[in-house]
Amino acid sequence: MGLFDGTALERPVTCAHCDKTIDDCDCPRSASGEIVQPEDQSPRVRREKRRGKWTTVVTGLDPVATDLATYVKTLKTTLGVGGTVTDDGFELQGDHRDRVVDHLKEDGFQAKPSGG
């Protein structure tokens, strides 16, 4: 199916963001199929104390468009800590709020620290 399907003016459907055909498009998409760029996401990074130890909690990222599993793996390796993907974001062991905010901003996200 394409634009003007079945006529002499038929054109393939292209992505509005990168102008590639939908089959060739690599733009990050949400579960509903909408394009979600990093600059469209506003993650919040906070630190919590759990059982006497600090945990860095990141929320507000689209889990499908961001590929959280790969992103968390990269952060864990960079920071040298453990962590996990949760339903609404991810968690890292230790107090790394400022470093995670800087890393997210470098990747184009509009990250902000929250909490004290």
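The values are calculated or read from the model by the stated rules, or taken from the named source; none is laboratory data. Everything quoted here is computed from the prediction, not taken from an experiment. Methodologically, a virtual Cβ is constructed for each residue, glycine included, from the backbone with ideal geometry; neighbour enumeration extends over all protein chains shown. Note: accessible area is taken over every heavy atom of the protein model, side chains too, but ligands, DNA and RNA are not part of it. Shrake-Rupley method; radii C 1.70, N 1.55, O 1.52, S 1.80 Å.
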Just wondering, is there one or more residues in the stretch 89-102 that are aliphatic (A, V, I, L, M), within 17 Å of the chain's Cα centre (by Cα) and farther than 17 Å from Gln41 by Cα?
yes
Got a sec? Which of Thr66, Thr70 is at pLDDT below 85, among the β-branched types (Val, Ile, Thr) and within 17 Å of Glu106 (Cα to Cα)?
Thr66
Report yes if Val85 is open to solvent by 40 Å² or more (accessible area, probe 1.4 Å) and either modelled with pLDDT under 85 or under 30 Å from Asp19 (Cβ atoms) (or both), otherwise no.
no
Which residues, taken from the stretch 90-114, are assigned to a strand (DSSP E or B) and buried (at least 16 other Cβ atoms within 10 Å of the Cβ)?
Phe90, Glu91, Leu92, Gln93
